[in-house]
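Values quoted throughout were computed directly from the atomic coordinates according to the rules given, and no laboratory measurement underlies them. The shown structure was predicted, so the numbers you read here are calculated from the model rather than taken from an experiment. FYI the Cβ positions are ideal-geometry reconstructions off the backbone, even for glycines, and counts take in every protein chain you see.
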Amino acid sequence: MFRFANENDVALILQFIRELADYEKMLDEVVATEELLKEWIFEKQKAEVIFVLDDGKEVGFALFFHNFSTFLGRAGIYLEDLYVRPECRGKGYGKALLKKLAQIAVERGCGRLEWWCLDWNKPSIDFYLSLGARPMTDWTVYRIAGDTLTELAN
């Protein structure tokens, strides 16, 4: 079963984010707070969260938002985070979450579903490949953040 998150789930969303960041060895980079998540996910409606449930308990989540493809002329879904708790892995929850996101994308008329994956995360890469996902070639991700972003803006 699935359910979309609501404002009362902010603490749980942050908990899942921290668990994922810990798995990715990036916990020290998490600066998100409950207040920020409430503002950006629920008040500004810039992202959505869906939970996968086992016997009524949230065991995984996906945080996603719409992007836009000028070539396709339509929106897509960008999956920012997908996480299933370690004790629940191998039971089909990750695949179920991706299938649900694909259904949402199709229902909304989106042209694609995409995400990034860390290069070292072989279990996830193998899983994505098994679903028919293909890595992008000839593209490099660039990022401007923090002080560099502020400097560029000025």
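Selection of the range 98-154 for residues being of a type in the set (A, V, I, L, M) and either assigned to a helix (DSSP H, G or I) or at positive phi (or both) yields Leu98, Leu101, Ala102, Ile104, Ala105, Val106, Ile125, Leu129, Leu149, Leu152, Ala153.
Taking Lys38, is it charged (D, E, K, R), in a helix (DSSP H, G or I), free of Cβ contacts under 8 Å to residues at least 40 places away in the same chain and closer than 26 Å to Ala145 by Cβ? When the stated conditions are applied, Lys38 passes them. Arg89 meets the conditions (1) surrounded by 13 or more Cβ atoms within 10 Å (Cβ to Cβ); (2) touching a residue at least 12 places away in the same chain (Cβ under 8 Å) in every case but one. The failed one is (2). The condition (being surrounded by 17 or more Cβ atoms within 10 Å (Cβ to Cβ), of a type in the set (Phe, Trp, Tyr) and in contact with a Phe, Trp or Tyr (Cβ under 7 Å, 6 or more places away or on another chain)) is satisfied by just one residue among Tyr128, Tyr83: Tyr83. Residues in the range 88-97 that are assigned to a helix (DSSP H, G or I), over 11 Å from Ile50 (Cβ atoms) and not basic (Lys, Arg): Cys88, Tyr93, Gly94. Here is a check on your reading of the model: is Leu27 out of contact with any Gly (no Cβ under 6 Å at 6 or more places or on another chain) and within 19 Å of Cys117 (Cβ to Cβ)? Against the criterion (out of contact with any Gly (no Cβ under 6 Å at 6 or more places or on another chain) and within 19 Å of Cys117 (Cβ to Cβ)), Leu27 qualifies. A residue that is under 17 Å from Trp115 (Cα atoms) and of a type outside the set (Asp, Glu) cannot be found anywhere in the range 7-15.
Inside the range 131-143, residues that are under 21 Å from Phe68 (Cβ atoms) and surrounded by 11 or more Cβ atoms within 10 Å (Cβ to Cβ) make up a count of 1. Number of residues in the range 5-35 that are among the polar types (S, T, N, Q), in a helix (DSSP H, G or I) and within 24 Å of Gly94 (Cβ to Cβ) equals 1.
For beta carbons closer than 8 Å, sequence separation of 6+ or different chains, a first residue in the range 3-22 that is touching a residue at least 60 places away in the same chain (Cβ under 8 Å) and a second that is basic (Lys, Arg) and outside any helix (DSSP H, G or I), the qualifying pairs are Glu19/Arg85. Within the range 14-46, being surrounded by 12 or more Cβ atoms within 10 Å (Cβ to Cβ) and touching a Phe, Trp or Tyr at 6+ places or on another chain (Cβ under 7 Å) holds for Phe16, Glu19, Leu20. Going through the range 47-60 one residue at a time, which ones are surrounded by 11 or more Cβ atoms within 10 Å (Cβ to Cβ) and over 17 Å from the mean Cα position of the chain (by Cα)? Passing the criteria: only Asp54.
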